[in-house]
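Student: One structure, as structure tokens, below. Some questions next.
The values are calculated or read from the model by the stated rules, or taken from the named source; none is laboratory data. It should be emphasised that the depicted structure is a prediction, and the values quoted were computed from it without experimental measurement. Cβ coordinates were reconstructed from backbone atoms using ideal geometry, including for glycine residues, and neighbour counts include every protein chain displayed.
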């Protein structure tokens with residue numbers, strides 16, 4: 001009987017219920033979602049752009065490694081050529097000074113000429129100057145073409161080497 005007594009009361013409440021209609025103040029253009037779904041072709045080609053940028057970066061890194069090695073090789077070669085040219089010049093003894101005074105000094109003119117001849121014989125360019133009465137300084141610049149960096153406009157790398165050779169008379173060093 002309890003159900004029979006509650007049923008009329010429930011019907012009475014339903015008849016008295018207030019119907020409310022809610023109208024939004026502003027219609028939303030999209031359903032509630034933190035990020036709207038992407039358009040079907042919105043990201044098309046984005047991986048291609050990323051790979052192109054990475055390729056340029058890797059190419060530059062490869063160029064630095066390969067052509068950086070070329071520059072290091074040129075620097076080592078420039079130092080070696082400068083040392084050899086300086087030795088060739090410093091070995092030119094002034095015979096007149098050796099005979100008259102007994103001192104072994106570098107003949108400045110012959111030393112510069114010998115060092116320049118050594119450079120010219122190897123196809124190198126550089127400067128040769130005498131330093132004092134027993135030394136000669138040679139500076140050599142070597143330019144080499146690039147292999148990879150020429151793709152971005154860097155067509156060559158240069159390296160400079162310098163050496164000083166001094167004439168020593170007699171036996172010198174440990175045990176002398």
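Student: Name, by its number, the condition in (1) modelled with pLDDT under 85; (2) out of contact with any strand residue (DSSP E or B) (no Cβ under 7 Å at 6 or more places or on another chain); (3) closer than 30 Å to residue 127 by Cβ that does not hold for residue 3.
Tutor: (3)
Student: Please verify whether region 96-110 includes one or more residues that are under 38 Å from the mean Cα position of the chain (by Cα) and either crowded, with 19+ Cβ neighbours inside 10 Å or under 14 Å from residue 164 (Cβ atoms) (or both).
Tutor: no
Student: Just need a number here: residues in region 148-173 that are modelled with pLDDT under 85, farther than 22 Å from residue 81 by Cβ and either over 36 Å from the mean Cα position of the chain (by Cα) or assigned to a loop (DSSP other than H, G, I, E, B) (or both).
Tutor: 5
Student: Within region 136-147, is there a residue that is part of a helix (DSSP H, G or I) and under 30 Å from residue 66 (Cβ atoms)?
Tutor: No, that holds for no residue.
Student: Could I ask something else about it? Going by what's in this entry, would residue 112 be described as assigned to a strand (DSSP E or B) and more than 30 Å from residue 154 (Cβ to Cβ)?
Tutor: No; evaluated as a whole, the condition is false for this residue.
Student: Tell me, yes or no, whether region 39-61 has at least one residue that is touching a helix residue (DSSP H, G or I) at 6+ places or on another chain (Cβ under 6 Å), modelled with pLDDT of 85 or more and in a helix (DSSP H, G or I).
Tutor: No, region 39-61 has no match at all.
Student: Report, by residue number, each residue of region 121-147 that is surrounded by 18 or more Cβ atoms within 10 Å (Cβ to Cβ) and more than 29 Å from residue 94 (Cβ to Cβ).
Tutor: 142, 146
Student: State whether the residues of region 68-78 include one that is closer than 30 Å to residue 161 by Cβ, in contact with a helix residue (DSSP H, G or I) (Cβ under 8 Å, 6 or more places away or on another chain) and buried (at least 16 other Cβ atoms within 10 Å of the Cβ).
Tutor: No, region 68-78 has no match at all.
Student: Before we move on, is residue 108 more than 11 Å from residue 85 (Cβ to Cβ) and out of contact with any helix residue (DSSP H, G or I) (no Cβ under 6 Å at 6 or more places or on another chain)?
Tutor: yes
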